[in-house]
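The values are calculated or read from the model by the stated rules, or taken from the named source; none is laboratory data. Since the structure is predicted, the reported quantities are computational estimates derived from the model, not experimental observations. Methodologically, a virtual Cβ is constructed for each residue, glycine included, from the backbone with ideal geometry; neighbour enumeration extends over all protein chains shown. All accessible areas refer to the heavy atoms of the entire protein, side chains included, with ligands and DNA or RNA removed. Shrake-Rupley method; radii C 1.70, N 1.55, O 1.52, S 1.80 Å.
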Amino acid sequence: MIRITVKKRRGRYQEFRSEGHAGYAEEGHDIVCAAVSVLVINTVNSIEKFTEDKIQVQEDDGFVSFRFTDPITDRGTLLMDSLILGLTEIEHDYKNRYLTVKVREV
């Protein structure tokens, strides 16, 4: 299962973390894992290209994490809202069996 944790402070995004594999199908055929990967990678690339936000990114097999080093901009917030929307839609479509998304106020 993919476990996604998003941390916010005073309603503003601070950190994103995704761990694990969906387990929907074999590696290379897992559409849930592919969908999550596309959303996350596109969001990271979009933040870097289309905003002034600075993020620190870490990645490994089955793991992606990024955190904002300065307060997030309105553009960054919109991109993160879009990411969370896409991920929660996948979570609901597959009835929480392959993906969980938790947004926490810290």
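A few comments on the model shown:
- Test: residue in region 10-25 that is within 13 Å of the chain's Cα centre (by Cα), at pLDDT 95 or above, over 18 Å from Glu91 (Cβ atoms) and open to solvent by 20 Å² or more (accessible area, probe 1.4 Å): yes
- Residue count for region 31-65 under the criterion of being at pLDDT 95 or above and open to solvent by 20 Å² or more (accessible area, probe 1.4 Å): the result is 23.
- Cβ-Cβ contacts under 7 Å between residues 6 or more apart (or on different chains), taken from a first residue in region 16-27 that is more than 14 Å from Lys102 (Cα to Cα) to a second residue that is part of a strand (DSSP E or B), are listed as Gly20/Ile2; Gly20/Arg3; His21/Ile2; Ala22/Ile2; Ala22/Leu99.
- Among the residues of region 34-72, just one is in a helix (DSSP H, G or I) and in contact (Cβ under 8 Å) with a residue 60 or more places away in the chain, namely Val36.
- Residue list for region 96-106, restricted to those being open to solvent by 80 Å² or more (accessible area, probe 1.4 Å), assigned to a loop (DSSP other than H, G, I, E, B) and either under 20 Å from Glu48 (Cα atoms) or touching a strand residue (DSSP E or B) at 6+ places or on another chain (Cβ under 7 Å) (or both): Val106
- Some residue of region 70-79 being of a type in the set (D, E, K, R) and under 12 Å from the mean Cα position of the chain (by Cα): no
- Listed by first and then second residue, the pairs linking a residue in region 74-95 that is outside any helix (DSSP H, G or I) to a residue that is open to solvent by less than 90 Å² (accessible area, probe 1.4 Å), with Cβ atoms under 8 Å apart and 6 or more places separating them unless they lie on different chains, are Tyr94/Val32.
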